[in-house]
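Let me begin by presenting the structure, written as structure tokens, before commenting on it.
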């Protein structure tokens, strides 16, 4: 799961792109997020703190990972705390739905600050993820993407 993103000379975004290429091309591993009922739980979990703990800019739920771009208001709780709550809630609900137990999400998140002038490029990168993975031909056709109006 990704928080907000940044790039300094493209190095961080480049690393993220390589990591996404590995995730998108992975033949093994769980792809529970591909299931509409599971993706709906994640969508609900992402939407719930929006406007309270963060301003939701965009997200993309891929079959095996999630991208989330947010803006943190001055009075926002730490992003790590918000992501912990989001992951905890969604993990509990998904495990219940799938009759699983244990850890659903990885403990760490790839989160970082967006530098001035980078936001538009990062949002485009997040939204284009299902296109680059060959899941759809236009990002708007991916049912698990969101872009704030």
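Just so it is clear, none of the values below were taken in a lab; they were calculated from the coordinates. All of these numbers come straight from a predicted model, not from anything done at the bench. Backbone-built Cβ (ideal geometry, glycine too); neighbour counts: all protein chains shown.
Give me 46, 61 sorted ascending by neighbouring Cβ count inside 10 Å, so fewest comes first.
Going from sparsest to densest Cβ surroundings: 46, 61.
What area, in nm² and to one decimal, does the C-alpha convex hull of region 11-147 cast on average over all directions?
So the Cα hull casts an average projection of 8.4 nm².
Only counting other Cβ atoms within 10 Å, I'd like 118, 128, 138 sorted with the fewest neighbours first.
Neighbour counts put them in this order, fewest first: 138, 128, 118.
For the residues 53, 91, 37, what sequence is obtained by ranking on other C-beta atoms within 10 Å, fewest first?
Ranking 53, 91, 37 by Cβ neighbours within 10 Å, fewest first, gives 37, 91, 53.
Above 13 angstrom, tally the Cα pairs of region 48-116 and express them as a % of all pairs, no decimals.
Roughly 70 percent, once rounded to a whole number.
Can you list, largest first and rounded to whole Å, the semi-axes you get for region 73-149 by taking the square root of 5 times each eigenvalue of its Cα gyration tensor?
26, 21, 11
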